[in-house]
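These notes are about the structure you will find just below.
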Amino acid sequence: MKALVKAKSERGLWLQDVPEPTIGINDVLIRVHKTGICGTDLHIYKWDAWAQRTIPVPMVVGHEFVGEVVEVGSNVSDFHPGEIVSAEGHVVCGRCRNCLAGRRHLCKDTVGIGVNRTGAFAEYISVPMTNVWHHRDDVDKEVASIFDPFGNAVHTALAFEVLGEDVLITGAGPIGIMAAAVVKHAGARHVVVTDVNDYRLDLAKKMGATVALNVTRGSLADVQKKLGIREGFDVGLEMSGNPQAFRDMIDNMCHGGRIAMLGIPSEQIAIDWTKVVFNMLTIHGIYGREMYETWYQMTVMLETGLDIKPVITHRYHYTEFEKGFAAMESGQSGKVILDWQT
Ligand code: NAD
Ligand code: ZN
């Protein structure tokens with residue numbers, strides 16, 4: 001089968017013929033239809049310091065996908081050939097304290113599809129049945145292919161109550177943009193999204209942001225005045241990983257404000273801790289998606305009219321993957337989708 005392989009310890013990915021995956025008794029074999037390119041895949045493509053430390057070579061990469069079940073192991077009775085599915089990208093141990101308590105997103109032995117084990121940028125992938133999510137028959141397949149990052153957005157956006165609240169989102173990457181749509185859908189009052197990239201801020205507007213602020217040209221203090229927010233933002237969603245964005249957020253929260261932090265800083269960030277202490281801010285880290293409450297929430301929000309489709313801006317056949325990665329690297333893109341059906 002064809003697959004995108006990290007075949008060499010240098011910049012790039014290589015389209016290669018690799019053996020089709022085999023399945024164990026608890027596994028599901030899936031024919032991949034569409035995949036999303038994640039920021040993680042771009043790190044692997046660019047072969048930055050994190051990728052060099054983390055990714056075994058050679059390995060098939062990619063973890064955002066939708067496909068069709070083609071075969072199941074002898075122990076699998078919940079999935080059947082022909083069903084449309086995605087997979088949770090974190091494979092957990094099932095035996096640690098958190099897994100046994102049903103808090104699988106907190107597993108201490110999490111293994112990432114397309115990061116630590118064979119990925120989804122391929123014609124077929126085999127995953128454990130406990131990782132498979134069954135979509136509704138009429139699901140939009142492009143939307144289904146990005147349930148993984150959509151789930152990051154939902155997990156973060158719903159970490160705190162947002163009904164009637166003013167929400168600040170720092171970072172208008174694909175996840176920040178989807179989070180704007182999610183908190184709007186969940187009843188937030190004002191949703192302010194910041195970035196330094198106008199293309200992405202325009203997308204944030206399309207997805208429901210009240211104000212999309214380019215922080216190189218304006219300040220959050222002015223936005224608060226304009227919107228009549230008198231005491232600061234109630235909820236903050238940090239989705240940039242940028243130190244200054246995080247500091248701006250802390251400066252603009254109300255007393256008792258709650259921050260959910262998804263963005264991964266590339267270095268340690270110094271902040272004014274007195275503001276955290278005296279203003280009694282809560283800072284809550286977010287990793288992955290809750291298995292499977294987040295997946296349930298995504299499904300029902302789509303059923304009740306949430307539209308995340310505008311976040312998808314580029315579509316290519318998998319043989320044109322270089323164009324997809326170039327679009328990602330340019331920053332002039334939302335989600336980029338690769339089609340694996342010929
Ligand atoms: P992305 O890199 O596409 O988006 C980040 C955005 O932040 C970019 O548009 C960038 O221009 C913007 N930015 C840069 N400087 C800024 C500033 N000063 N103020 C405001 N915005 C600024 O990332 P993404 O794919 O949307 O993911 C969002 C973040 O979440 C990333 O940091 C990613 O690494 C992280 N992430 C975490 C998890 C997790 O499980 N915790 C999962 C997926 C992604
Ligand atoms: Zn575990």
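Listed values, structure above:
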{"quantity": "Subset of region 76-97 [surrounded by fewer than 16 Cβ atoms within 10 Å (Cβ to Cβ) and either over 24 Å from MET1 (Cα atoms) or touching a Pro at 6+ places or on another chain (Cβ under 7 Å) (or both)]", "calculated": "SER77, ASP78, CYS93, GLY94, ARG95, ARG97"}
{"quantity": "Scope region 48-69; condition free of Cβ contacts under 8 Å to residues at least 12 places away in the same chain and either in a loop (DSSP other than H, G, I, E, B) or farther than 28 Å from VAL5 by Cβ (or both); matching residues", "calculated": "ASP48"}
{"quantity": "Pairs where the first residue, in region 211-227, is under 16 Å from ARG189 (Cβ atoms) and the second is surrounded by fewer than 14 Cβ atoms within 10 Å (Cβ to Cβ), C-beta under 6 Å, 6+ apart", "calculated": "none"}
{"quantity": "Region 1-39 - residue that is of a type in the set (A, V, I, L, M) and assigned to a loop (DSSP other than H, G, I, E, B) and, of those, surrounded by the fewest Cβ atoms within 10 Å (Cβ to Cβ)", "calculated": "ILE25"}
{"quantity": "Some residue of region 226-246 being among the basic types (Lys, Arg) and within 24 Å of MET328 (Cα to Cα)", "calculated": "no"}
{"quantity": "Number of positions in region 185-209 that are closer than 18 Å to ALA245 by Cβ, touching a Lys or Arg at 6+ places or on another chain (Cβ under 9 Å) and in a loop (DSSP other than H, G, I, E, B)", "calculated": "1"}
{"quantity": "Filter result for the condition that a residue is modelled with pLDDT of 95 or more, within 30 Å of THR130 (Cα to Cα) and touching a Leu at 6+ places or on another chain (Cβ under 6 Å), over TYR292, TYR318", "calculated": "TYR318"}
{"quantity": "Any hit, region 148-162, residues being in contact (Cβ under 8 Å) with a residue 60 or more places away in the chain and within 16 Å of ligand 2 (Cβ to nearest atom)", "calculated": "no"}
{"quantity": "Only one of GLU238, GLU267, GLU293 that is in contact with a strand residue (DSSP E or B) (Cβ under 6 Å, 6 or more places away or on another chain) and of a type in the set (Asp, Glu)", "calculated": "GLU238"}
{"quantity": "Scan of region 112-152 for residues that are in contact with a Lys or Arg (Cβ under 8 Å, 6 or more places away or on another chain) and either part of a strand (DSSP E or B) or on the phi > 0 side of the Ramachandran plot (or both), ordered by number", "calculated": "ALA122, TYR124"}
{"quantity": "Residue under evaluation SER266, criteria (1) modelled with pLDDT under 95; (2) among the small types (Gly, Ala, Ser); (3) in contact with a Lys or Arg (Cβ under 9 Å, 6 or more places away or on another chain), criterion not met", "calculated": "(3)"}
{"quantity": "Residue match in region 310-324 (condition: within 16 Å of the chain's Cα centre (by Cα), surrounded by fewer than 14 Cβ atoms within 10 Å (Cβ to Cβ) and on the phi < 0 side of the Ramachandran plot)", "calculated": "no"}
{"quantity": "Residue among THR118, THR156 that is in contact with a strand residue (DSSP E or B) (Cβ under 6 Å, 6 or more places away or on another chain), over 17 Å from ILE30 (Cβ atoms) and either among the hydroxyl-bearing types (Ser, Thr, Tyr) or away from ligand 1 (no atom under 16 Å from the Cβ) (or both)", "calculated": "THR156"}
{"quantity": "Count of residues meeting criterion [in contact (Cβ under 8 Å) with a residue 40 or more places away in the chain and within 9 Å of ligand 2 (Cβ to nearest atom)] in region 107-128", "calculated": "1"}
{"quantity": "All positions within region 248-303 that are more than 23 Å from LYS184 (Cα to Cα) and of a type in the set (A, V, I, L, M, F, W, C)", "calculated": "ILE264, ILE269, ALA270, ILE271, TRP273, VAL276, VAL277, PHE278, MET280, MET291"}
{"quantity": "Total residues in region 70-95, condition within 16 Å of ligand 2 (Cβ to nearest atom) and in a loop (DSSP other than H, G, I, E, B)", "calculated": "6"}
{"quantity": "Residue in region 243-252 that is assigned to a strand (DSSP E or B) and in contact with a helix residue (DSSP H, G or I) (Cβ under 6 Å, 6 or more places away or on another chain) present", "calculated": "no"}
{"quantity": "Residue that is within 20 Å of GLN297 (Cα to Cα) and within 16 Å of ligand 1 (Cβ to nearest atom), where the choices are GLU88, GLU165", "calculated": "GLU88"}
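The values are calculated or read from the model by the stated rules, or taken from the named source; none is laboratory data. Computed from a predicted model, the values in this text were never measured in an experiment. Neighbour counts run over all protein chains shown; Cβ positions are idealised from the backbone, glycine included.
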